[in-house]
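Engineer: Before anything else, here's the structure in question.
The values are calculated or read from the model by the stated rules, or taken from the named source; none is laboratory data. A quick note: this is a predicted structure, and the numbers were derived from the prediction, not measured. Here Cβ is always computed from backbone atoms with ideal geometry, including for glycine, and neighbour counts include all displayed protein chains.
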Amino acid sequence: MSAVIHEHTHDDHHHGPDKGLLRWVFTTNHKDIGSLYLWLSFSMFMLGGAFALVIRSELFVPGLQLVDPNFFNQMTTLHGLVMVFGAVMPAFVGLANWLVPMMIGAPDMALPRMNNYSFWILPFAFALLASTLLMDGGAPNFGWTFYAPLSTEYAPPSVTYFIFAVHLMGISSIMGAINVIVTILNLRAPGMTMMKMPLFVWTWLITAFLLIAVMPVLAGVVTMMLMDIHFGTSFFNAGGGGDPVLFQHVFWFFGHPEVYIMILPAFGVVSAIIPAFARKRLFGYDSMVYATASIAFLSFIVWAHHMFTVGIPIAGELYFMWATMLIAIPTGVKVFNWVATMWQGSMTFETPMLFAIAFVILFTIGGFSGLMLAITPADFQYHDTYFVVAHFHYVLVPGSVFSIMAAVYYWLPKWTGYMYDEALGKAHFWLSFIGVNLTFFPMHFSGLAGMPRRIPDYALQFADYNMLSSVGSYLFGFSQLIFLFLIIKCIRGGEKATAQVWEGAEGLEWTVPSPAPYHTFSTPPEVK
Amino acid sequence: MDKTRRLGWLIALPMLMLASLAQADWGQLNMTEGVTSISRQVYDLHMYITWICVIIAVPVFGAMFFSMFMHRKSLGAQPASFHENTRLEIAWTLIPTLILIAIGWPATKVLIDMYEAGEPDVNIEVRGYQWKWQYTYLADNPAEEVQFMSSLLTSQDEIYNRTSKGEFYLLDVDNPLVVPINKRIRFLVTSSDVIHSWWVPAFAVKKDAIPGFVHEAWTIIDEPGIYRGQCAELCGKDHGFMPVVVRAVEQSEYDAWLSEQQSAARAASEASGKVWTMDELMAKGEEVYNRNCGMCHMPNGTGMPPAFPSLINSPLIQGDVAGHADIVINGKAGTAMQAFGAQLNPAELAAVITYERNAWGNNRGDMIQPSEVMEMMSAGQ
């Protein structure tokens with residue numbers, strides 16, 4: 001895409017940021033709010049990581065050493081909730097805030113005040129969730145999937161706080177999604193047709209529709225729980241004529257699109273980075289857009305593949321198996337596109353490219369295990385074992401999380417105006433890459449050998465894999481301190497970044513100076 | 001590095017990896033083949049998909065690695081300008097579709113086999129409780145039914161590392177399920193509290209035990225042996241401590257075992273009729289308590305408040321024996337306290353209630369007889 005920019009640098013002082021801490025409380029600037037989201041996400045990543053390290057430490061050797069089983073269950077629950085709702089989702093919203101307006105030549109998000117609200121709800125939601133750890137009876141201990149009746153009749157009293165925290169997160173996500181859709185549909189620069197939008201914008205547009213479709217379903221399911229617990233209804237209580245399996249259907253109708261909410265923007269990030277460092281145009285832009293839309297559509301009609309063992313009639317099992325397998329086709333199209341983009345390029349391997357390539361390889365491995373899990377008869381053996389844990393961590397950690405890291409490295413010079421420390425970045429990449437594989441690859445084997453998930457102690461034949469996984473998790477976890485150090489260092493100074501930053505980078509955001517001024521595109525650029 | 005050296009590495013690295021894979025110890029790395037025709041079909045299906053994934057991975061990752069080694073700027077590679085090729089794009093949509101059909105077809109056949117339940121020879125109800133299994137051998141005549149609980153045998157000392165761990169650490173139970181080989185066994189799986197999942201990898205049977213539902217699963221076991229599995233659905237605090245153990249034996253051994261169980265059940269119901277002394281009740285009560293109550297209320301009665309209250313001089317103990325018995329028999333709605341009337345026989349219930357009222361310095365001095373418990377239970381119905 002080529003762009004002709006009529007950039008006006010405003011030097012009017014009242015256009016700059018406010019001074020002091022209140023700037024961050026009252027800000028309606030998309031760049032400020034993007035930064036707030038990204039910092040919240042990083043702190044939640046550290047918190048959820050700390051929970052994960054408690055889990056891995058308890059599982060280092062057989063026997064109960066550090067925590068009791070009830071606390072262990074609280075850790076698995078909070079780890080999942082904090083990572084999904086606190087680390088991955090806000091990171092992508094942060095990226096969308098920073099990048100979508102700059103990529104489509106808009107001055108800001110369309111609804112800046114709502115943007116501020118939707119961020120500031122989140123710290124309170126997570127404070128509410130984390131406070132349950134200090135409550136009588138402990139934090140939620142029923143897993144991030146909170147299956148009823150374990151999460152209703154048998155739940156600790158703190159479940160009510162959990163329900164309200166989920167409501168707050170949902171409200172925030174819905175407002176964020178509305179904002180993204182309105183911005184993309186209304187604020188594109190002249191000449192920026194839909195099929196000229198960068199893929200990150202496309203993937204986010206589709207993700208936003210998914211969010212609006214399924215967050216109300218999540219709100220519905222937790223409200224039904226609330227009614228069951230406090231107001232005498234029996235939605236999920238078999239004793240009162242309710243149906244515990246209904247919970248799972250409603251939950252996974254939210255839950256399956258939810259996992260694509262966490263991966264579609266990652267596809268957008270990687271589709272920006274690989275062409276930039278291969279110095280070659282993305283192989284099939286149109287097919288990437290159609291593949292993303294197909295994946296989003298399919299995500300609504302496959303939910304019961306999470307429930308193959310709940311006793312579904314054979315027609316249902318067969319339908320959900322075949323429908324799930326279909327997802328492999330558009331996903332394959334994406335992977336082939338990235339490979340074809342790299343083919344005969346002129347590649348260099350700066351840190352963003354390393355993370356992006358690792359994303360393609362490791363996400364594909366997660367895709368393969370996903371295909372295996374779709375096969376119903378085999379799933380009877382895989383279901384609820386560490387094989388599943390390995391699968392979804394492969395698509396979420398070296399999948400979503402690596403793409404977020406790739407994005408941070410790629411756009412950090414644009415945000416701060418300085419180049420990051422490349423040697424440190426490479427060290428961070430390699431330690432993370434080794435750590436992630438050491439943590440999650442052995443889980444395939446412990447799962448196949450029969451280790452169920454969510455257990456605080458295990459039979460002796462699983463001891464070796466678990467020790468390897470724990471060592472890997474320490475390596476991966478502590479490597480993230482390098483990332484933190486590198487980001488702070490890059491904010492404070494370093495080699496000046498040019499406007500273009502990367503030789504092969506394309507898009508409107510590279511036409512503004514680095515760091516990007518507080519207000520960009522007050523006059524829209526013209527896109528040809 | 002010149003191009004030939006790079007290519008050399010490109011070939012040598014995967015070879016090295018293959019060589020190390022060939023030498024690796026593959027024991028316990030893979031899914032079990034199991035001991036039923038279904039489990040073997042599932043295993044074959046699993047290996048078949050695994051190899052298909054490997055076969056897809058080799059060209060895809062191969063192209064990536066080739067590209068990464070050969071098409072780099074430092075080697076002076078010039079970027080090509082090709083993009084969008086309709087024929088290629090149709091090919092990489094169509095070929096995966098054909099591969100998926102090649103996977104889905106055999107999978108469908110295995111699934112149809114799994115769902116084709118014939119006339120069962122043995123019917124067993126499998127009922128999940130927090131955190132143990134109850135097995136009921138169903139019979140046309142209720143007097144011939146055999147019912148027992150199956151709970152973890154591993155000691156707390158092993159779990160808390162105070163003594164060395166046995167060979168079947170966490171995978172051993174007091175009363176395994178006993179079944180005949182070469183017979184069609186039907187499992188009717190349900191639950192009395194939360195959702196559990198009954199899983200024996202060697203049979204490729206995993207069925208969720210859901211309150212309010214009775215689900216069906218079946219197996220025909222080819223070889224005698226002891227087969228171990230675990231609960232596969234998070235069911236609360238001791239989810240990791242409710243294993244499944246199945247002992248598969250010859251038909252004759254099974255028949256002998258079953259009639260022994262039936263006469264033991266008759267003896268137990270006769271024992272409920274006699275009058276027990278305090279000492280008898282206390283001795284029996286301690287045993288029953290440690291097996292069924294100690295997990296939550298702790299072996300010394302202190303509990304884990306607030307979820308699991310202490311039993312030492314609690315209002316319940318200070319109240320009358322009938323109120324105490326009511327809670328033990330019928331449970332307490334809205335809490336984790338289960339209705340043990342469905343799990344223990346009247347003698348066991350009387351013993352454990354008496355024990356709780358007189359152990360750990362409670363010294364209430366009163367007791368309850370099995371006959372009184374039976375009366376309460378029949379009045380309740």
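Engineer: Just wondering, is there one or more residues in the stretch B:212-220 that are crowded, with 23+ Cβ neighbours inside 10 Å, of a type outside the set (G, A, S), part of a strand (DSSP E or B) and free of Cβ contacts under 8 Å to residues at least 60 places away in the same chain?
Structural biologist: Looking through the stretch B:212-220, none of the residues is crowded, with 23+ Cβ neighbours inside 10 Å, of a type outside the set (G, A, S), part of a strand (DSSP E or B) and free of Cβ contacts under 8 Å to residues at least 60 places away in the same chain.
Engineer: Would you point out the residue of the stretch A:235-250, among those that are out of contact with any Phe, Trp or Tyr (no Cβ under 8 Å at 6 or more places or on another chain) and crowded, with 17+ Cβ neighbours inside 10 Å, that is nearest to A:V84 (Cα to Cα)?
Structural biologist: This residue is A:V250.
Engineer: Restricting the search to the stretch B:340-381, which residues are closer than 17 Å to B:Y289 by Cβ and without any contact (Cβ under 8 Å) to a residue 24 or more places away in the chain?
Structural biologist: B:N363
Engineer: Select, from B:I103, B:I90, the only residue that is hydrophobic (A, V, I, L, M, F, W, C) and at the interface with chain A (Cβ under 7 Å from one of its Cβ atoms).
Structural biologist: Details: B:I90 fails: at the interface with chain A (Cβ under 7 Å from one of its Cβ atoms).
Matching residue, one of B:I103, B:I90: B:I103.
Engineer: Based on this model, can you work out whether A:Y518 counts as more than 24 Å from the chain's Cα centre (by Cα), aromatic (F, W, Y) and more than 14 Å from chain B (Cβ to nearest Cβ)?
Structural biologist: Spelling it out, A:Y518 is indeed more than 24 Å from the chain's Cα centre (by Cα), aromatic (F, W, Y) and more than 14 Å from chain B (Cβ to nearest Cβ).
Engineer: To continue, here is another question. Across the stretch A:175-204, which residue is surrounded by the fewest Cβ atoms within 10 Å (Cβ to Cβ) among those that are touching a residue at least 12 places away in the same chain (Cβ under 8 Å) and hydroxyl-bearing (S, T, Y)?
Structural biologist: If we take residues in the stretch A:175-204 being touching a residue at least 12 places away in the same chain (Cβ under 8 Å) and hydroxyl-bearing (S, T, Y), then A:T183 is surrounded by the fewest Cβ atoms within 10 Å (Cβ to Cβ).
Engineer: Take the residues in the stretch B:232-248 that are touching a residue at least 40 places away in the same chain (Cβ under 8 Å) and at the interface with chain A (Cβ under 7 Å from one of its Cβ atoms), then tell me which one is nearest to B:F168 (Cα to Cα).
Structural biologist: B:G240
Engineer: Count, please, the residues in the stretch A:134-145 that happen to be more than 19 Å from A:I55 (Cβ to Cβ) and at the interface with another protein chain (Cβ under 8 Å from one of its Cβ atoms).
Structural biologist: Count: 2.
Engineer: Residue pairs, Cβ under 7 Å, 6 or more apart or interchain, first in the stretch A:381-392 and within 10 Å of another protein chain (Cβ to nearest Cβ) and within 17 Å of A:S473 (Cα to Cα), second assigned to a strand (DSSP E or B) and at pLDDT below 95. List them.
Structural biologist: Matching pairs, first to second residue: none at all.
Engineer: Now, a different point. Taking the condition of being assigned to a loop (DSSP other than H, G, I, E, B) and either surrounded by fewer than 19 Cβ atoms within 10 Å (Cβ to Cβ) or away from chain B (no Cβ under 14 Å) (or both), how many residues in the stretch A:146-174 meet it? It would help to see each step written out before you state the result.
Structural biologist: Going residue by residue through the stretch A:146-174, those that are assigned to a loop (DSSP other than H, G, I, E, B) are A:146-158.
Still in the running and either surrounded by fewer than 19 Cβ atoms within 10 Å (Cβ to Cβ) or away from chain B (no Cβ under 14 Å) (or both): A:157.
Number of matching residues: 1.
Engineer: I've got another one for you. I'm told A:V67 meets every condition in (1) surrounded by fewer than 22 Cβ atoms within 10 Å (Cβ to Cβ); (2) out of contact with any Asp or Glu (no Cβ under 9 Å at 6 or more places or on another chain) except one. Can you identify the failing condition by its number?
Structural biologist: With (1) surrounded by fewer than 22 Cβ atoms within 10 Å (Cβ to Cβ); (2) out of contact with any Asp or Glu (no Cβ under 9 Å at 6 or more places or on another chain) applied to A:V67, the lone miss is (2).
Engineer: Among the residues of the stretch A:161-172, is any in contact with a Gly (Cβ under 9 Å, 6 or more places away or on another chain) and not acidic (D, E)?
Structural biologist: yes
Engineer: Continuing with the same structure: So, A:V88, is that one among the hydrophobic types (A, V, I, L, M, F, W, C), within 14 Å of chain B (Cβ to nearest Cβ), in contact with a Ser or Thr (Cβ under 7 Å, 6 or more places away or on another chain) and closer than 28 Å to A:M224 by Cβ or not? Please lay out each step first, then the result.
Structural biologist: Details: among the hydrophobic types (A, V, I, L, M, F, W, C): yes; within 14 Å of chain B (Cβ to nearest Cβ): no; in contact with a Ser or Thr (Cβ under 7 Å, 6 or more places away or on another chain): yes; closer than 28 Å to A:M224 by Cβ: yes.
The answer is no for A:V88.
Engineer: While we're looking at this one, here's another question. Criterion first (surrounded by 22 or more Cβ atoms within 10 Å (Cβ to Cβ), at negative phi and touching a strand residue (DSSP E or B) at 6+ places or on another chain (Cβ under 6 Å)) does A:M405 satisfy it?
Structural biologist: no
Engineer: Next question, about the same structure. Can you tell me how many residues in the stretch A:274-296 are in contact with a Pro (Cβ under 9 Å, 6 or more places away or on another chain) and not polar (S, T, N, Q)?
Structural biologist: Number satisfying all stated conditions: 13.
Okay, residues lined up against (1) modelled with pLDDT under 95; (2) in a loop (DSSP other than H, G, I, E, B):
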| residue | (1), (2) |
| --- | --- |
| A:H10 | yes, yes |
| A:I55 | no, no |
| A:L78 | no, no |
| A:L81 | no, no |
| A:G86 | no, no |
| A:L99 | no, no |
| A:M109 | no, yes |
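Engineer: If you take the residues of the stretch A:511-528 that are assigned to a loop (DSSP other than H, G, I, E, B) and of a type in the set (A, V, I, L, M), which of them is surrounded by the most Cβ atoms within 10 Å (Cβ to Cβ)?
Structural biologist: Within the stretch A:511-528, the match that is surrounded by the most Cβ atoms within 10 Å (Cβ to Cβ) is A:A516.
Engineer: Determine whether A:L508 is touching a residue at least 24 places away in the same chain (Cβ under 8 Å), surrounded by fewer than 17 Cβ atoms within 10 Å (Cβ to Cβ) and out of contact with any Lys or Arg (no Cβ under 9 Å at 6 or more places or on another chain).
Structural biologist: No.
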